[in-house]
Amino acid sequence: MAKKRFIAGAVCPSCRQHDTLRWWQENDVERVECVSCGHSDVRAPQSVEQSNQLSTETKQHVIGIFKPED
């Protein structure tokens, strides 16, 4: 079972609650789930620069991506 980690400061796109999203990776697929409303998202890992889900302004503020070792 993969370790699930909360995404600090993240806002759920569905219920708009803060600090309720958890992230984990299974079989080279990133999964995000809101523990408040159950909203989930699945996608293949990609770099911040290539992401279509982040605005240009957000990409400019990203310092780095936390990649925990298993």
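The values are calculated or read from the model by the stated rules, or taken from the named source; none is laboratory data. What you see is a predicted model; the values in this text were computed from it and never measured. Here the Cβ positions follow ideal geometry from the backbone for every residue, glycine too, while neighbour counts run over all protein chains shown.
Restricting attention to the stretch 1-24 and to residues that are among the hydrophobic types (A, V, I, L, M, F, W, C), free of Cβ contacts under 8 Å to residues at least 12 places away in the same chain and in contact with a strand residue (DSSP E or B) (Cβ under 7 Å, 6 or more places away or on another chain), the residue that is surrounded by the most Cβ atoms within 10 Å (Cβ to Cβ) turns out to be Ala10.
Can you find, within the stretch 14-70, the residue that is modelled with the lowest pLDDT among those that are of a type in the set (Lys, Arg) and not in a helix (DSSP H, G or I)? Among them, the one singled out is Lys67.
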